[in-house]
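The values are calculated or read from the model by the stated rules, or taken from the named source; none is laboratory data. Note that the coordinates shown come from a computational prediction; the quantities given were computed from them, not determined experimentally. We place every Cβ from the backbone using ideal geometry, glycine too, and count neighbours over all the protein chains shown. The area values use the complete protein model at the heavy-atom level, side chains included, leaving out ligands, DNA and RNA. Shrake-Rupley method; radii C 1.70, N 1.55, O 1.52, S 1.80 Å.
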Amino acid sequence: LEHRVAGADANPYLLLAAVLAGVHHGLTNKVEPGAPIEGNSNEQMEPSLPNNLRDALRELDDSEILAKYIDPKYIDIFVACKESELEEFEHSISDLEYNWYLHTV
């Protein structure tokens, strides 16, 4: 079993529900986990895993498996909220960006 610790911003209840759904789905459907990863798994990125929030939200929105465990209406609302937060984040200029670009232009 591999469980990568989530960020501090993750909802612990939703996180636990998703982990348990994955465990249940894997055991119930006898999903083969594949070969164990040796060494630093972060340096051996699985190509099918999203590595940014926008792609992760798309995967969540399209997940037929998780929709069997968590109400699809909840997933739709969650994804919409997170996409809205991401949109706001992407349109804000941090102090670091402001200082870098102010002094290089």
Picking from V5, V23, which residue would you name as being of a type in the set (V, I, T) and in a helix (DSSP H, G or I)? V23
Considering residues that are open to solvent by 100 Å² or more (accessible area, probe 1.4 Å), closer than 26 Å to A18 by Cα and aliphatic (A, V, I, L, M), the number found within region 58-105 is 1
Out of all the residues in region 84-103, is one or more under 30 Å from H24 (Cα atoms) and assigned to a helix (DSSP H, G or I)? no
Output the residues belonging to region 2-59 that are at pLDDT below 90 and more than 18 Å from the chain's Cα centre (by Cα). P33, G34, A35, P36, I37, E38, G39, N40
Index of the failed condition, L66 passing every other in (1) free of Cβ contacts under 8 Å to residues at least 24 places away in the same chain; (2) touching a Gly at 6+ places or on another chain (Cβ under 9 Å): (1)
